[in-house]
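Values quoted throughout were computed directly from the atomic coordinates according to the rules given, and no laboratory measurement underlies them. None of the values given here were measured: they were computed from a predicted structure. Here the Cβ is made from the backbone with ideal geometry for all residues, glycine too, and neighbour counts use every protein chain on show.
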């Protein structure tokens, strides 16, 4: 799990260096960013109910991603919607921490780390 913060940081750096900037033009990695946003939303909910005492850590990670990418208009709306979709999807399914929720957390951390690594490898300067 300790590689996740490094992977997200690397993704943020890669996105900040990318050409998308404040433009409202779709970037080639937007689908991956939206999936990552959904994962962060799911983790924000699941880690909260599983008693990790992380507070707004995952929401703050999402905010850092948005700040680094600086999407505007529809791109920003899609990223935020992805985060909310991840959060709301698990909120409707889990009311307490279960073994399945723990598995979902592990899988989401693995998937989010993979997306971050792949994006960094493809788009970092």
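Summary of values
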| item | result |
| --- | --- |
| Kirkwood Rh, Cα atoms: Rg over Rh of segment 28-123 | 0.97 |
| Net lengthening on full extension, residue 25/residue 57 (0.36 nm per residue, minus Cα-Cα) | 8.6 nm |
| Protection proxy ranking of 72-81, 36-45 - average other beta-carbon atoms within 10 Å, highest first | 36-45, 72-81 |
| Most to least packed among 95-102, 56-63 [average Cβ atoms within 10 Å] | 56-63, 95-102 |
